[in-house]
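Okay, so here's the structure we're looking at.
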Amino acid sequence: MGYFDRLAGRGFASEYATAIPAWQRNYESGRLWATGMLEAGIEAPEWPTCNNRVPQEIHNALAEVRSLIGPSRPEDEGVQPEDPDLVVLVVVPRLVGRRIVERVAA
């Protein structure tokens, strides 16, 4: 749904702020994928709503985005940080009432 919402120009759907973590992650990933394609000027492929798997055309478009900006995650290229003690902090925004609350996660 995040993919569809972003392509349609809709804002973040607040029901995903309280959804189970896997649904939140998938929703946010879909929004990020669509954003990357739009910003890179790559036509976003259609995603059949009856198909829960990521279509190959979307994987191909994401590969094209990564070819322009480089890998966005170590697992994109199978590369792990050289320092095993390195802690990567991520800011995770959540909508609470009418405020955006940020949580830092390692």
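Values computed for the structure shown
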read-out: Residues residue 13 and residue 63, FRET efficiency given R0 of 25 Å [Cβ-Cβ distance, rounded to 0.05]; value: 0.40
read-out: Relative exposure of 96, 65, 54, judged by other C-beta atoms within 10 Å (fewest first); value: 96, 54, 65
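All of the numbers you see were taken from the coordinates with simple rules; none came from a lab. In this text, all values refer to a predicted model and were calculated from it rather than measured experimentally. Note: ideal-geometry Cβ built from the backbone for every residue, glycine included; neighbour counts use all protein chains shown.
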